[in-house]
1. Give me a count of the residues in region 1-33 that are surrounded by 14 or more Cβ atoms within 10 Å (Cβ to Cβ) and either closer than 17 Å to Pro134 by Cβ or among the acidic types (Asp, Glu) (or both).
2. Can you pull out every residue in region 26-50 that is touching an Asp or Glu at 6+ places or on another chain (Cβ under 9 Å) and outside any helix (DSSP H, G or I)?
3. So, of the residues in region 344-385 that are among the acidic types (Asp, Glu) and touching a residue at least 12 places away in the same chain (Cβ under 8 Å), which turns out to be surrounded by the fewest Cβ atoms within 10 Å (Cβ to Cβ)?
4. Where residues in region 36-57 are of a type outside the set (A, V, I, L, M, F, W, C) and surrounded by 17 or more Cβ atoms within 10 Å (Cβ to Cβ), which of them is farthest from Arg218 (Cα to Cα)?
5. Would you call Asn227 at positive phi and of a type outside the set (A, V, I, L, M, F, W, C)?
6. For region 94-122, name all the residues that are over 20 Å from Asp427 (Cβ atoms) and of a type outside the set (D, E, K, R).
7. Please state which one of Arg298, Arg306 is without any contact (Cβ under 8 Å) to a residue 40 or more places away in the chain and not assigned by TED's automatic domain parsing to the domain that holds Asp118.
8. How many residues are surrounded by 13 or more Cβ atoms within 10 Å (Cβ to Cβ) and assigned to a strand (DSSP E or B) when one looks only at region 93-105?
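The values are calculated or read from the model by the stated rules, or taken from the named source; none is laboratory data. The structure presented is a predicted model; accordingly, all values stated were derived computationally and were not measured. All Cβ positions, glycine included, derive from the backbone under ideal geometry; neighbour counts span all protein chains shown.
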Amino acid sequence: MAEIFPFPAYRYNLPRVRLADVVTQPYDKITPAMQQSYARASPYNLITVEKGTPAPGDSPESNVYTRAAEALNAWIREGILVRDAAPGIYVYSQEYTVPGSSERRTRKGFIALGRVEDYSAGVVFRHEQTLAGPKADRLALLRQTHTHTGQLFMLYTDPERRVDALLEESSRAQLPAEARDEYGVVHRLWPIFDPQIIATVLRFMAPQKLVIADGHHRYETALAFRNESRPPNGPLDLNAPYEKAMMTFFNTRGEGWLILPTHRVVGNLKQFGAQAFLQKIAASFQQQSYSFGSETARGVVYSKFRRDLAAQGAQGGAIGMYTPGAFYLLRLRADADLAALLPDASPAQRRLDVVLLHSLLLEGGLGITPAAVSAESNITYERGMDEAVATVDDGKAQVCFLLNPVGVEQVTEMALAGEVLPQKSTDFYPKLLSGLTLYRLE
């Protein structure tokens with residue numbers, strides 16, 4: 001049973017600041033250039049809290065985490081951040097252009113608190129493994145600030161779209177807070193304080209199972225903070241603030257979904273030859289070459305390759321590859337014995353292109369072990385296909401592998417079955433902004 005709660009969020013005081021000047025992308029998507037840009041936008045930009053800058057002489061008593069807490073407390077004292085007078089849920093929409101096209105889409109969900117559950121409870125499910133470093137960073141920040149500033153991106157499935165209908169109706173009655181981010185995405189927020197509407201939403205959500213789309217590290221940080229905050233002896237207080245975390249909930253049957261592929265760019269290989277590699281994987285993959293000898297021919301070939309790769313996406317078992325002078329479409333052979341090739345993978349995992357890529361091509365074909373993947377000693381990641389190809393053309397990598405996106409249904413199916421996808425398997429677009437609502441553990 002999913003336990004979801006309204007809460008009185010802290011929000012930026014819009015008569016004092018412009019929303020677009022103070023919110024940020026999620027902390028793990030913030031580059032050094034973005035960090036500087038946010039800091040220039042406003043002295044109250046959340047970057048001070050979300051991803052502060054280390055300073056000479058930092059110590060256990062004075063560091064990025066203590067400065068984050070000091071900034072939050074000062075902004076509350078100054079009235080820059082103001083707590084809502086009543087508990088609410090917050091309708092959140094994102095209107096965006098699909099990258100590489102002119103198509104506009106809108107995705108709408110809502111922000112509330114969710115109970116922090118152990119995975120073993122069968123309420124919250126993950127689809128990715130996590131790394132120790134980001135969790136340690138987020139835990140250190142949470143210990144100092146006692147505040148959730150970023151959103152946990154949660155999926156639920158309601159074919160009848162009952163919550164969607166309530167959100168749509170409730171958001172018509174008022175003007176939203178609005179911010180356009182650096183990617184041109186328009187983020188809108190409408191608070192709902194009506195107890196009857198809130199109760200109806202919570203009732204519809206109660207039987208749901210929740211899948212983490214984005215924010216696995218933040219969720220497991222909330223788990224760790226909950227565990228260390230619980231009294232070592234005595235009864236549990238399930239109403240304690242640390243028993244809950246701020247989450248944004250989206251219906252997988254709603255509109256506006258987009259998951260982008262994350263392409264693999266490979267370098268630092270001692271020896272790499274395209275033909276030797278293709279020969280090595282020939283028993284498992286059919287190969288179609290798209291070679292070119294001029295820039296004019298390259299444009300035609302590239303367009304055809306992209307169409308063919310996308311067309312194979314629905315069937316699965318199709319992976320693109322690029323080395324200077326040629327694109328390749330690698331298609332899993334119909335007679336490939338995946339049970340023998342991937343004995344440690346489940347039947348569901350064997351259907352995923354990203355699993356085939358990592359196991360059969362990267363490890364089996366190039367000798368890149370899972371440990372090397374985790375260390376990123378040979379692999380970097382690019383969201384855009386053009387950027388991945390350009391990295392190879394610029395001589396910064398030897399080869400890149402190009403993927404179709406994973407579907408949202410595949411993500412939920414895998415997660416609910418207890419399956420975990422490889423790192424960087426999904427890129428839900430657009431990201432949820434940090435700073436639209438804040439949850440203080442008080």
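1. Selection size over region 1-33: 8.
2. Pro26, Ile30, Ser42, Tyr44, Asn45
3. Glu382
4. Ser42
5. no
6. Across region 94-122, the qualifying residues are Ser102, Phe110, Ile111, Ala112, Leu113, Gly114, Val116, Tyr119, Ser120, Ala121, Gly122.
7. Residue meeting the stated conditions: Arg298.
8. Result for region 93-105: 6.
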